[in-house]
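Report on the structure given below.
The values are calculated or read from the model by the stated rules, or taken from the named source; none is laboratory data. Just so it is clear, the structure is predicted and the values come from calculations on it, not from any experiment. Glycine also receives a Cβ, built like all others from the backbone with ideal geometry; neighbour counts cover every protein chain displayed.
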Amino acid sequence: MENAARQSHAPLLSALRIAASRTVWRLHTPVHQGFPDPEFAALMGTATSLDLTELEETDDLRDPKGAIAEAETLAAEHFGAERTWFLVAGASVGNMAALLAISAFSAAGRSASPPRVIVDRNAHVSVVAGLVLAELEPIWVSTPWLPRWCITGPPAPEAFAAALSAHPEAVAVIITAPTYYGTAADIAALRNICGERLLIVDEAHGSHLPRALPAGADIVIHSAHKGLLGPTQGGFLHLRSGQRFDSAYLTQSLRLLQTTSPNYWLLAGLDAARRAAAKLQLTSPTLPSSALATISGPALEIYANDDPTRLLVYFPDGFAAYEALAKLSVQAEAALPTGVLFFLGRYLADTAALASLADVMMVVRQSQATQPARSIPSPPPMPEAVLLPRAATLSRAEPCAIELAVDRICAEVVCPYPPGIPLLVPGERIGSRAIEHLGAVIPELRTVRVIMD
Ligand SMILES: Cc1ncc(COP(=O)(O)O)c(C=O)c1O
């Protein structure tokens, strides 16, 4: 069958519909049997009857041979992977599984010290969870600080090259690309720098503009709800080719980490999101960027990025602007010290809606016309790593008032949400500049867990 025709199918979605329409006595899980709490049922509509289990039609996520296998194959074809796995605990579980798999793969047959990996400091908290679970030693690559926006950009390929020449024994390189703010990275250059080492790309924010697999990344992690039309908690894990890596390690890691009772509503939502993405790619291969022209007036400053669906607008006080916008019925994605981030989604194609949005932004921007910009001390240089993240996480720890934490060793991930990018990682020594930076970025932070002396 021709590719476009194949991609127009959603086999798991169809299988779920057929399974739900069968009239049988349901004497299996879920024991609500389609009739949960009435208020919940009224809210969820037909979704309750679609909450099914592994049946003949619905297949088994742990060992797919039917509709799930077909749906995963279609996703692999769409994204350009050799194999794709559906994730039911978000890109988070994809990051953890990827790290567990590379640890097992590189440790196989030898009992050396924990494998080292080169990791971009924009890493999401789930990457840190992966380092802990997989007992990996991170060599962090620092990220450039953009003071106007109080955010970080992706590290340049040269920064990875320097880390690799200092640590040639590293088994893999891990990068977050695009960033939460829509800035892409030069994955092709990174591929060359990595040589035969594994290149893992957390492309959670780029499933709608996939760049990593075509540029040669080995393992790529996608969130389904950050760019595609997929459900929250859904994601994809892709392996580009089994030449450099044995896919069995990824299957095994996912079996260890994912639930044994995946929700079929999520799984079918992934199948449908892939189909919608394939259709969009066929009808409109590039996303329209005209949104920026509609929204950026002389008084609205927009962060220049590589993804028109991510709109970061400058406000001298981003936290106050976010609240003011919410009062005007505009619920943004995130408040930053000097900006507000919007995920435009379907509004990208709606010029009238964008013009109204720009009007609301202007009202808020003008209310801050004479306000000085929030000033954030730049992040400190990379903290000293005293223990591996795993050792620190498993150490006895206690809460400590943040102002008393200087020189103590951090026992937890300290990060603002969103974006969930850690400012401190377990095992790092807490410096006074880190405390100053934390106070400005997470003003509500009072205590931090530190390792007991
Ligand atoms: C860069 C990055 N990676 C991974 C994740 C985790 O994605 P999910 O929420 O789908 O588990 C996030 C979530 O915010 C993220 O920003």
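Filter region 195-212 for residues that are hydrophobic (A, V, I, L, M, F, W, C) and surrounded by fewer than 24 Cβ atoms within 10 Å (Cβ to Cβ) and give the result.
Result: LEU198, LEU209.
All of ALA411, ALA405, ALA349, ALA355 fail the test of being hydrophobic (A, V, I, L, M, F, W, C), modelled with pLDDT of 95 or more and out of contact with any Pro (no Cβ under 6 Å at 6 or more places or on another chain), apart from ALA405.
Residues are listed down the side, and each one gets a yes or a no for (1) closer than 28 Å to GLN281 by Cα; (2) loosely packed, with under 14 Cβ neighbours inside 10 Å:
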position	(1), (2)
GLY45	no, yes
GLU57	no, no
ALA67	yes, no
LEU74	yes, no
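Within region 8-23, does at least one residue satisfy the condition of being on the phi > 0 side of the Ramachandran plot and either within 28 Å of the chain's Cα centre (by Cα) or surrounded by 17 or more Cβ atoms within 10 Å (Cβ to Cβ) (or both)?
Keep residues of region 8-23 that are on the phi > 0 side of the Ramachandran plot, which gives none.
Looking through region 8-23, none of the residues is on the phi > 0 side of the Ramachandran plot and either within 28 Å of the chain's Cα centre (by Cα) or surrounded by 17 or more Cβ atoms within 10 Å (Cβ to Cβ) (or both).
For THR53, the conditions (1) in contact (Cβ under 8 Å) with a residue 40 or more places away in the chain; (2) of a type in the set (S, T, N, Q); (3) crowded, with 18+ Cβ neighbours inside 10 Å; (4) not in a helix (DSSP H, G or I) are fulfilled apart from (3). Within region 293-348, the set of residues being more than 30 Å from PRO377 (Cβ to Cβ), in contact (Cβ under 8 Å) with a residue 60 or more places away in the chain and more than 24 Å from the chain's Cα centre (by Cα) comprises THR294, ILE295, GLY297. Scanning region 402-418 for residues that are assigned to a loop (DSSP other than H, G, I, E, B) and either out of contact with any helix residue (DSSP H, G or I) (no Cβ under 9 Å at 6 or more places or on another chain) or in the same structural domain as ALA335 (by TED's automatic domain parsing) (or both) gives ARG408, PRO418. Checking each residue in region 385-425 for being closer than 23 Å to SER103 by Cα, in contact (Cβ under 8 Å) with a residue 40 or more places away in the chain and not hydrophobic (A, V, I, L, M, F, W, C) picks out PRO389, ARG390, THR393, SER395, PRO422.
Here is a check on your reading of the model: is VAL425 at pLDDT 95 or above, surrounded by 15 or more Cβ atoms within 10 Å (Cβ to Cβ) and within 16 Å of the ligand (Cβ to nearest atom)? Before you say what the answer is, go through the steps one by one.
Details: at pLDDT 95 or above: yes; surrounded by 15 or more Cβ atoms within 10 Å (Cβ to Cβ): yes; within 16 Å of the ligand (Cβ to nearest atom): yes.
For VAL425, the condition - at pLDDT 95 or above, surrounded by 15 or more Cβ atoms within 10 Å (Cβ to Cβ) and within 16 Å of the ligand (Cβ to nearest atom) - is met.
Taking region 161-189, which residues are within 16 Å of the ligand (Cβ to nearest atom), in contact with a Leu (Cβ under 9 Å, 6 or more places away or on another chain) and either among the hydrophobic types (A, V, I, L, M, F, W, C) or free of Cβ contacts under 8 Å to residues at least 60 places away in the same chain (or both)? Those that are within 16 Å of the ligand (Cβ to nearest atom), in contact with a Leu (Cβ under 9 Å, 6 or more places away or on another chain) and either among the hydrophobic types (A, V, I, L, M, F, W, C) or free of Cβ contacts under 8 Å to residues at least 60 places away in the same chain (or both): VAL173, ILE174, ILE175, ALA177, ALA184, ILE187. Residues in region 406-453 that are small (Gly, Ala, Ser) and over 21 Å from the mean Cα position of the chain (by Cα): ALA411, GLY427, GLY431, SER432, ALA434, GLY439, ALA440.
In a helix (DSSP H, G or I), of a type in the set (Gly, Ala, Ser) and away from the ligand (no atom under 16 Å from the Cβ): is that true of SER106 in this structure? Don't jump to the end; show me each part of the working.
Numbers: in a helix (DSSP H, G or I): yes; of a type in the set (Gly, Ala, Ser): yes; away from the ligand (no atom under 16 Å from the Cβ): yes.
For SER106, the condition - in a helix (DSSP H, G or I), of a type in the set (Gly, Ala, Ser) and away from the ligand (no atom under 16 Å from the Cβ) - is met.
Take ALA217 and tell me if it is free of Cβ contacts under 8 Å to residues at least 40 places away in the same chain and crowded, with 24+ Cβ neighbours inside 10 Å. It would help to see each step written out before you state the result.
Details: free of Cβ contacts under 8 Å to residues at least 40 places away in the same chain: yes; crowded, with 24+ Cβ neighbours inside 10 Å: yes.
Judged against the criteria, ALA217 is a match.
Looking only at region 79-103, count how many residues are of a type in the set (A, V, I, L, M) and not in a helix (DSSP H, G or I). Don't jump to the end; show me each part of the working.
Keep residues of region 79-103 that are of a type in the set (A, V, I, L, M), which gives 81, 87-89, 91, 93, 96-102.
Now narrow it down to the ones that are not in a helix (DSSP H, G or I): 81, 87-89.
Total meeting the criteria: 4.
Of all residues in region 56-78, those satisfying the criterion of being in a helix (DSSP H, G or I) and either among the basic types (Lys, Arg) or in contact (Cβ under 8 Å) with a residue 24 or more places away in the chain (or both) are ALA67, ILE68, GLU70, ALA71, LEU74, ALA75, ALA76, GLU77, HIS78.
Have a look at LEU133, LEU199, LEU213 and point out the one that is within 30 Å of LEU438 (Cα to Cα), more than 13 Å from the ligand (Cβ to nearest atom) and either out of contact with any Leu (no Cβ under 8 Å at 6 or more places or on another chain) or not assigned by TED's automatic domain parsing to the domain that holds ARG310 (or both).
On the way: LEU199 fails: within 30 Å of LEU438 (Cα to Cα); LEU213 fails: within 30 Å of LEU438 (Cα to Cα).
When all the criteria are applied, what remains is LEU133.
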